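The values are calculated or read from the model by the stated rules, or taken from the named source; none is laboratory data. None of the values given here were measured: they were computed from a predicted structure. Cβ sites come from the backbone with ideal geometry, for glycine too, and all protein chains shown count toward neighbours.
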Amino acid sequence: MKAAKEDFALMCKSMTDRQAEILTSGLFLEEQHRRVIDLLDGKQDVVGDSSTADDETARTSGNEDARKLAREADESLRNHRVYREIELQELEKIFKKYEGMLKQNMSEMRKSAEDIEIQRRELSPKLIQLARSKADESGTT
């Protein structure tokens, strides 16, 4: 029983550590998203305001790169949202499954402990009686 308790404590710690890692990763993503949002909110043209042909080509190229970046980032965010939702649903299923198993096991262990206590109560007087009879036998011989 002690070993099972220690194993269970280690499992819970491992699960808690993993959840902490997931939460830390989420905080990191939030920070990165906030940086991008801040950058985009204060965004100006990729190239300055001069109007030479080279600058105009660079501005057009830079704007196309910015649009491409925006499209790819948007697609990545959508994919991440879908992936995250699927993973969260899977985690919830696993937790519910283990929660049910743990509750069932606790119920069975409680029942087993009650049965053992009943047996102990039945056995204790018999052992006392056995010890007394052996003491009486050794005293009369």
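Can you pull out every residue in the stretch 6-44 that is part of a helix (DSSP H, G or I), charged (D, E, K, R) and more than 20 Å from the chain's Cα centre (by Cα)?
Hits for the stretch 6-44 are Glu31, Arg34, Arg35, Asp38, Asp41.
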Exercise. Does Asp65 fit the bill of being at pLDDT 80 or above and surrounded by 10 or more Cβ atoms within 10 Å (Cβ to Cβ)?
Worked result: no
Problem set entry | Residue check for Asn105: in a helix (DSSP H, G or I) and within 23 Å of Ile37 (Cβ to Cβ) | no
